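S.K.: A single structure is presented below for examination.
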Amino acid sequence: MKYITQTDRAIAKLISAERRRQEQTLMLIPSENYASQAVEEAVGSPLGNKYAEGYPQKRYYQGQTFVDQVEQLAIERAKKLFGVPHVNVQPYSGSPANAAVYFNLLNSGDVVMGLTLSSGGHLTHGHPKITFSGKFFTSIQYEVGKDGVIDYDQLAKFVKKHKPKILVAGTTAYPRVLNFKRFGEIAGSVGAYLLADISHIAGLIIAGVHPSPTAFAHVVMTTTHKTLRGPRGAMILVTSRGLKKDKDLASKIDKAVFPGLQGGPHINTIAGIAVALTEASTARFKKYGQQIVKNAKALAQTLMINGVNLTTGGTDNHLMVADLRSLNIKGKDAAILLEKAGIVLNYNTVPFDPNPPFNPSGIRLGTPAVTSRGMKEKEMKKIGELIVTILKKKLTAAEVLKEVRQLCRRFHIPKAY
Ligand code: DSN
């Protein structure tokens, strides 16, 4: 911070304040995490100065000796870690990565089928009217069953009826394991492509605590900054199954990313992804993934025995969604109150939510970041109890904040993994 403090005090102060905020609060937003110092160094490096339109050995600018090697390393590491024949590491983030897949595989009017937002899907999974995925293509979405869980028999019928060209198996607020094998069979029944969006669970898959979709999907998309703990970015993986369906799929995806959708890749981010992939290839990371799930189960259990309803009745992965209607508090009010107590999460719709996304009935919580800090089941129980005291208004936010600060002092944000 030496130079930025001299050049731009205002921004330097804000960065310091944000660092402090992250240190002193509990990050329970399931899509957030702490990248290591090594990842931060790669992202803040001079690699960001370089233009590199194209791909390794096929660039449109000179001076690529080192950035070619950086990108190639990231690609090779991702291929090995996920066990796929082709990876594109250039997407700026998850939404443009999904856009690249759709613009490549769909013509306007073709049907894309993903999970609705209130069922736990993502905006880019075909949310109507306001997203490219619902505007430029024909989006027909599926929902979870009344129990909050995907009903694969219903989905199979729905897919047969509407014949999507792409079926999306992916979620952002779904606490259960995805049955990628079943998704693959259902997509196959109408000759559809299966796109697995594993943005939330990529780290769990690498750690072996969630099944991998690579044997069943044609294309896999993941962001790199969630359970994977890398910088903000994304990757598109083309599987052997994808190449079997279309031998040109890999080059088509590459062309869809550049020049189809993006310009110069952010080589500094790609270096950060490469570093994160090295960190994720260790036995330590496997333990980390296992602990995320153990922690989520412990947190869920504490909330439930204290009268908080969780959708689907619990969790198998890193997150849970609490339906607060029985506690007579709206998701947004709860999230604002909890933030005052140093517990940072997001308000979220619940399946079949009668309330709109900007003022929904639930909150979403996850354990990837607190697990990165080294917290275990005992701390999850404590955090769950603190959340309940706030939701039931048994303690004030100021009282809970003191306990949160103590926890944060005991469990630092690690610089290395
Ligand atoms: N915004 C991310 C999340 O919070 O789940 C998904 O892109």
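S.K.: Within the range 318-334, which residues are open to solvent by 10 Å² or more (accessible area, probe 1.4 Å) and not in a loop (DSSP other than H, G, I, E, B)?
M.R.: Of everything in the range 318-334, those that are open to solvent by 10 Å² or more (accessible area, probe 1.4 Å) and not in a loop (DSSP other than H, G, I, E, B) turn out to be Asp323, Arg325, Ser326, Leu327, Lys332, Asp333.
S.K.: Right, another one. Going through the range 32-46 one residue at a time, which ones are crowded, with 20+ Cβ neighbours inside 10 Å and farther than 30 Å from Ile383 by Cα?
M.R.: Scanning the range 32-46 gives Ala42, Val43.
S.K.: Same structure again: Out of curiosity, is Ala274 at pLDDT 95 or above, touching a strand residue (DSSP E or B) at 6+ places or on another chain (Cβ under 9 Å) and surrounded by 21 or more Cβ atoms within 10 Å (Cβ to Cβ)?
M.R.: No, not satisfied.
S.K.: Across the range 175-187, which residue is surrounded by the most Cβ atoms within 10 Å (Cβ to Cβ) among those that are outside any helix (DSSP H, G or I) and without any contact (Cβ under 8 Å) to a residue 60 or more places away in the chain?
M.R.: Among those that are outside any helix (DSSP H, G or I) and without any contact (Cβ under 8 Å) to a residue 60 or more places away in the chain, it is Leu178.
S.K.: Given the conditions (1) more than 19 Å from the chain's Cα centre (by Cα); (2) touching a residue at least 60 places away in the same chain (Cβ under 8 Å); (3) within 16 Å of the ligand (Cβ to nearest atom), report the number of the one that Gly120 does not fulfil.
M.R.: Here Gly120 clears every test but (1).
S.K.: In the range 203-236, what residues are among the aliphatic types (A, V, I, L, M) and under 22 Å from Val370 (Cβ atoms)?
M.R.: Once the filter is applied, which keeps residues that are among the aliphatic types (A, V, I, L, M) and under 22 Å from Val370 (Cβ atoms), the range 203-236 yields Leu204, Ile205, Ile206, Ala207, Val209, Leu228.
S.K.: Within the range 104-117, restricting attention to residues that are away from the ligand (no atom under 14 Å from the Cβ) and more than 15 Å from Leu194 (Cα to Cα), which residue is surrounded by the most Cβ atoms within 10 Å (Cβ to Cβ)?
M.R.: Thr116
S.K.: If you don't mind, another one. Take the range 32-47 and flag every residue that is under 24 Å from the mean Cα position of the chain (by Cα) and part of a helix (DSSP H, G or I).
M.R.: Matches in the range 32-47: Gln37, Ala38, Val39, Glu40, Glu41, Ala42, Val43.
S.K.: Go over the candidates Val370, Val350, Val404 one by one and state the one that is over 30 Å from Gln37 (Cα atoms) and either modelled with pLDDT of 95 or more or in contact with a helix residue (DSSP H, G or I) (Cβ under 7 Å, 6 or more places away or on another chain) (or both).
M.R.: Of Val370, Val350, Val404, the one residue that is over 30 Å from Gln37 (Cα atoms) and either modelled with pLDDT of 95 or more or in contact with a helix residue (DSSP H, G or I) (Cβ under 7 Å, 6 or more places away or on another chain) (or both) is Val350.
Okay, residues lined up against (1) over 29 Å from His210 (Cβ atoms); (2) in contact (Cβ under 8 Å) with a residue 60 or more places away in the chain:
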{"site": "Ser45", "(1), (2)": "yes, yes"}
{"site": "Gly63", "(1), (2)": "yes, no"}
{"site": "Asn88", "(1), (2)": "no, yes"}
{"site": "Pro91", "(1), (2)": "no, yes"}
{"site": "Ala100", "(1), (2)": "no, yes"}
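S.K.: Inside the range 124-158, can you point out the residues that are part of a loop (DSSP other than H, G, I, E, B), open to solvent by less than 90 Å² (accessible area, probe 1.4 Å) and within 16 Å of the ligand (Cβ to nearest atom)?
M.R.: Hits for the range 124-158 are Gly126, His127, Thr131.
S.K.: Test of understanding: among Ala74, Ala52, Ala10, which residue is in contact with a Phe, Trp or Tyr (Cβ under 7 Å, 6 or more places away or on another chain), among the aliphatic types (A, V, I, L, M) and either more than 16 Å from the ligand (Cβ to nearest atom) or on the phi > 0 side of the Ramachandran plot (or both)?
M.R.: That would be Ala52, the only listed residue that is in contact with a Phe, Trp or Tyr (Cβ under 7 Å, 6 or more places away or on another chain), among the aliphatic types (A, V, I, L, M) and either more than 16 Å from the ligand (Cβ to nearest atom) or on the phi > 0 side of the Ramachandran plot (or both).
S.K.: For residues in the range 15-31 being more than 16 Å from the ligand (Cβ to nearest atom) and either over 22 Å from Val404 (Cα atoms) or not in a helix (DSSP H, G or I) (or both), which is most open to solvent (accessible area, probe 1.4 Å)?
M.R.: Thr25
S.K.: Pick out, from the range 188-257, the helices (runs of 4 or more DSSP H) lying fully within it that include 2 or more residues that are surrounded by fewer than 24 Cβ atoms within 10 Å (Cβ to Cβ) and out of contact with any Leu (no Cβ under 9 Å at 6 or more places or on another chain).
M.R.: 240-245, 249-255
S.K.: So, one more: Among what's in the range 80-101 and is closer than 19 Å to Ala256 by Cβ and more than 16 Å from the ligand (Cβ to nearest atom), pick the residue that is farthest from the chain's Cα centre (by Cα).
M.R.: Pro85
S.K.: Can you pull out every residue in the range 336-359 that is surrounded by 22 or more Cβ atoms within 10 Å (Cβ to Cβ) and either in contact (Cβ under 8 Å) with a residue 24 or more places away in the chain or part of a helix (DSSP H, G or I) (or both)?
M.R.: Of everything in the range 336-359, those that are surrounded by 22 or more Cβ atoms within 10 Å (Cβ to Cβ) and either in contact (Cβ under 8 Å) with a residue 24 or more places away in the chain or part of a helix (DSSP H, G or I) (or both) turn out to be Leu338, Ala341, Ile343, Leu345, Asn348, Thr349, Val350, Pro351.
S.K.: For the range 32-49, which residues satisfy the criterion of being of a type outside the set (S, T, N, Q), farther than 16 Å from His266 by Cβ and away from the ligand (no atom under 16 Å from the Cβ)?
M.R.: Ala38
The values are calculated or read from the model by the stated rules, or taken from the named source; none is laboratory data. Everything numeric here is computed off the predicted structure, so don't read it as measured data. Backbone-built Cβ (ideal geometry, glycine too); neighbour counts: all protein chains shown. To get the accessible areas, we keep the full protein, side chains included, count just its heavy atoms, and leave off ligands, DNA and RNA. Shrake-Rupley method; radii C 1.70, N 1.55, O 1.52, S 1.80 Å.
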